[in-house]
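The values are calculated or read from the model by the stated rules, or taken from the named source; none is laboratory data. Only a predicted model underlies this, so the values are computations on that prediction, with no experimental measurement involved. Cβ atoms come from the backbone with ideal geometry, glycine included; neighbour counts cover every protein chain shown. We work out accessible area using only protein heavy atoms, side chains counted, and drop any ligands, DNA or RNA first. Shrake-Rupley method; radii C 1.70, N 1.55, O 1.52, S 1.80 Å.
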Amino acid sequence: MQNITSLHVNAQTEARLALREASYNGADFGVEYSDLRLDNTGAIVDNKYASVRKDNGQILGIHSKSYKPLTHKQMIDNQREIIIRSGLADGSIKETISLDKTGKKCYVKHELPNHYLHTPDGDVARLRFLSTNSFNGSWAYIVSAGAKQDACQNGQIFLNDVATLYKSRHNIHLNLDHAADVMTKAVPIFMGQSKMWHKWHGTRCNNYKALRIFADVVQKPEIATALHRHMASSESDGNHGVIEVVDGIHFTEQENIKNNRNFLHLWDRWNTHYKNALGQNLWGVYNTLTDWSTHVSKSNAPTYSASIQHTRENKVQKVLNKDEWGFKIAV
């Protein structure tokens, strides 16, 4: 007698299978771990070993004994499982996997166009997941959830206290299961962002405050000092040594901003676009910040660009979480 079990395959089940069985774009190469030996004696180096690609013998990294290996394939599989466990898998998902030339660094990005929110200015922000991993110590293992606006393509950055983010160095604390547990909370966190964005839209922000925020995010206290000096006294020093003027504020040789492309980029995007398109409010400032953190030079290699983006996103997150700028207060 035969026992026949019906397999009910729906669209989401098919999407889950497709996601689990998708290509790795070369990131699923095997890795082996070898002792290090001295050339002259052949003696094994204490407390050190190497990670090596099985397919071509490329040394990926030199590690201490406390290093906890994590392959790029494991990183990709974990992010795929996070999406599946969150009930987000469907046929619209766009997956991007990028390796550097040696395979030492990798990131995977999933864009989920069917999961979105309406922003205060009538745009649409769609959910995305991003994970990074490296063998050479340049990147920690990071998996994060954010959103991507359709029109401006800015990568939305969530506040730390409501962010869905897991980050660990490659040590005993790295735990893929815990990372997946943290990240499955992404959906309710994502859906709660719209109310916050609308509050930012209703919170005024003048040029002076915007400039101070920009000085903070690029970590240039001398610019903030010049801004403070300008507001403390309406009298100039006869413009001696003045080399740059922004919004009527004189910057001296000591506070040279001509070579600070990041600050000038932020000011230009705010002054010529965002404060006009979105209003002189925190929502406009926020989008100026995400414009800067997202748009890295296309001439850079994908993995290098991703590294710059992570660095900038971390700086923006720190600014968003400072009480003095009002983003948290507005929430």
**Item:** Residues located in region 6-24, provided they are of a type in the set (A, V, I, L, M, F, W, C), modelled with pLDDT of 80 or more and open to solvent by 80 Å² or more (accessible area, probe 1.4 Å)
**Value:** Leu17
**Prompt:** Which one is surrounded by the most Cβ atoms within 10 Å (Cβ to Cβ), of the residues in region 63-94 that are part of a helix (DSSP H, G or I) and within 19 Å of the chain's Cα centre (by Cα)?
**Reply:** His72
**Request:** Taking the residues in region 108-123 that are assigned to a strand (DSSP E or B), open to solvent by less than 60 Å² (accessible area, probe 1.4 Å) and at pLDDT 85 or above as candidates, determine which candidate is nearest to Lys199 (Cα to Cα).
**Result:** His115
**Complete:** If we keep only residues of region 149-169 that are open to solvent by 40 Å² or more (accessible area, probe 1.4 Å) and assigned to a strand (DSSP E or B), then the residue modelled with the lowest pLDDT is Leu165
**Selection count, region 127-141, where residues are surrounded by fewer than 19 Cβ atoms within 10 Å (Cβ to Cβ) and part of a strand (DSSP E or B)** = 0
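What is the residue count in region 25-62 for residues that are open to solvent by 50 Å² or more (accessible area, probe 1.4 Å) and in a strand (DSSP E or B)?
10
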**Asked** Would it be correct to say that Lys54 is over 30 Å from the mean Cα position of the chain (by Cα) and touching a residue at least 24 places away in the same chain (Cβ under 8 Å)?
**Response** yes
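Going by the conditions given, is Ile97 in contact (Cβ under 8 Å) with a residue 24 or more places away in the chain, open to solvent by less than 30 Å² (accessible area, probe 1.4 Å) and not charged (D, E, K, R)? Give the derivation first.
Working: in contact (Cβ under 8 Å) with a residue 24 or more places away in the chain: yes; open to solvent by less than 30 Å² (accessible area, probe 1.4 Å): yes; not charged (D, E, K, R): yes.
Against the criterion (in contact (Cβ under 8 Å) with a residue 24 or more places away in the chain, open to solvent by less than 30 Å² (accessible area, probe 1.4 Å) and not charged (D, E, K, R)), Ile97 qualifies.
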**Request:** May I ask you to list pairs of residues, at least six apart or on different chains, whose Cβ atoms are under 8 Å apart, with the first in region 216-227 being farther than 15 Å from Arg261 by Cα and the second being not in a helix (DSSP H, G or I)?
**Result:** Ala226/Ile249; Ala226/His250; Ala226/Phe251; Ala226/Thr252; Leu227/Ile249
**Prompt:** How many residues are modelled with pLDDT under 90, under 29 Å from Gly202 (Cα atoms), open to solvent by 40 Å² or more (accessible area, probe 1.4 Å) and part of a helix (DSSP H, G or I) when one looks only at region 274-310?
**Reply:** 1
**Message:** Restricting to region 170-210, count the residues that are open to solvent by less than 10 Å² (accessible area, probe 1.4 Å) and either touching a strand residue (DSSP E or B) at 6+ places or on another chain (Cβ under 7 Å) or within 29 Å of Ile82 (Cβ to Cβ) (or both).
**Reply:** 10
**Request:** Select, from Ser98, Ser144, the only residue that is in contact with a Cys (Cβ under 8 Å, 6 or more places away or on another chain) and of a type outside the set (A, V, I, L, M, F, W, C).
**Result:** Ser98
